[in-house]
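Below you'll find the structure, written out as structure tokens, and then a few comments.
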Amino acid sequence: MEQTLLTEEQKTKRRHLVIGFGLLALLFVVVGVLEQILPRTSMLFTVLKKGAIYALVAVSMNLLNGFTGLFSLGQAGFMLLGAYTYGILTIPVNARAQVYQYFDGGLIQFALPVPIALVCAGIVAAVFAFLIGLPVLKLKSDYLAIATLGFAEIIRAFFQWDKLGTITNGSNLLRKYPVFHSTLFPFFVSGICIALIVLLINSTYGRAFKAIRDDEVAAEAMGINLAHHKRLAFIISSFFAGISGALLAMFQATIQASQFKSAMTYEILLIVVIGGIGSITGSCISSFLFIACSEWWLRFLDNEKLNLLSIHILRPGFRKVVFSVVIMAIVLFYQKGIMGEKEISITRITAYFKKLVAKKGKKTEENA
């Protein structure tokens, strides 16, 4: 009997897995078809590309803030490390003289393939996270947030130092490195990374992270090594933030340290809060909504020509005011975010449709 139940449970999980991969494949097909139909300059592709990148960094931040309970504000710094690592390692040798024109062609005279450079971007961010985490992770709550935010600001200033110009190009732009043109590339990379994070959260390590978040004293009493697991969560989160920084560098086609300000970290934190702290699907959904609103849907509010009354309400920058009001309303009425701690799963979707079918069946019976 137990074997029968086990096999049925395994069959159900396998079926849900197949359905999930089928939906992902359908999403890739839809994006591919849209690229063939719509012009490449459409704002839809900008939203999809940037939304996929921000979804990855938001999920990586949620792993730390939502699932482990560590309040960190250093994501922009780790993204900077990933972006610079990718750019430095992939600029073609014959283009380095132009890019590093003020530093005699630069120190590094080789170029790595894009996939290897992406992994290196994550590794460099993870190494810095390990070194910084040794002293910083002893802090808690707001003190940890201030320390990680200070790290991000120090890294940003350090990378603009001319003494490092032969590697980072100082305060000048890094450019001429490989970029992606297809929307499928950031979807593919972000999808793989988010899937790995989901597998981690559902593993024994993920359960240990959640135990630390809920009650550190109880977690330690259960035999969980707090320092080890906190450091592990910090390193893994930084690794994926570094990869998202590399993807952002590919999206922007240029890199400069001044782009990775603390405002970028606040945007990512806002995405996590809107989606729901402790929800992977919430972070993904809110990333696309955030980018769509800020980059596309509300842009008409900056157009002065659309003013119909004598009072000129619409003007450049007005969309940011409206966007701020919308965010405040979401935070007030959805204090736990759009998803809270819930996830969209195949089981929930099928259960929802079963309820709809049952309701329609009852209505038809009553009408009859």
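The values are calculated or read from the model by the stated rules, or taken from the named source; none is laboratory data. Here the structure is a predicted model, which means the values were calculated and not measured. Because the Cβ atoms are built from the backbone with ideal geometry, glycine has one as well, and the counts that use them run over all protein chains shown. These area figures cover heavy atoms from the full protein model, side chains too; ligands, DNA and RNA do not enter into them. Shrake-Rupley method; radii C 1.70, N 1.55, O 1.52, S 1.80 Å.
Summary table
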read-out: Pairs where the first residue, in the stretch 161-175, is more than 16 Å from Leu89 (Cα to Cα) and acidic (Asp, Glu) and the second is open to solvent by less than 60 Å² (accessible area, probe 1.4 Å) and not in a strand (DSSP E or B), C-beta under 6 Å, 6+ apart; value: Asp162/Gly170
read-out: Residue ranges of helices (runs of 4 or more DSSP H) in the stretch 201-278 with at least 2 members closer than 20 Å to Lys336 by Cβ and more than 18 Å from the chain's Cα centre (by Cα); value: 204-214
read-out: Test for Gly245: is it closer than 21 Å to Gly69 by Cα, touching a residue at least 24 places away in the same chain (Cβ under 8 Å) and open to solvent by less than 10 Å² (accessible area, probe 1.4 Å); value: no
read-out: Checking Ala129 against (1) of a type in the set (Gly, Ala, Ser); (2) farther than 30 Å from Asn169 by Cβ; (3) crowded, with 16+ Cβ neighbours inside 10 Å, the condition it does not meet; value: (2)
read-out: Criterion: touching a residue at least 60 places away in the same chain (Cβ under 8 Å), in a loop (DSSP other than H, G, I, E, B) and either crowded, with 23+ Cβ neighbours inside 10 Å or at positive phi (or both) - qualifying residue of Gly77, Gly82, Gly106, Gly87; value: Gly106
read-out: Val31 being in contact (Cβ under 8 Å) with a residue 12 or more places away in the chain, closer than 17 Å to Ser244 by Cβ and part of a helix (DSSP H, G or I); value: no
read-out: Matching option when the condition is under 15 Å from Leu80 (Cβ atoms), touching a residue at least 40 places away in the same chain (Cβ under 8 Å) and aromatic (Phe, Trp, Tyr), among Phe260, Phe187, Phe209, Phe234; value: Phe260
read-out: Those residues of the stretch 146-200 which are hydroxyl-bearing (Ser, Thr, Tyr), farther than 18 Å from Ala52 by Cα and part of a loop (DSSP other than H, G, I, E, B), in sequence order; value: Ser171, Tyr177
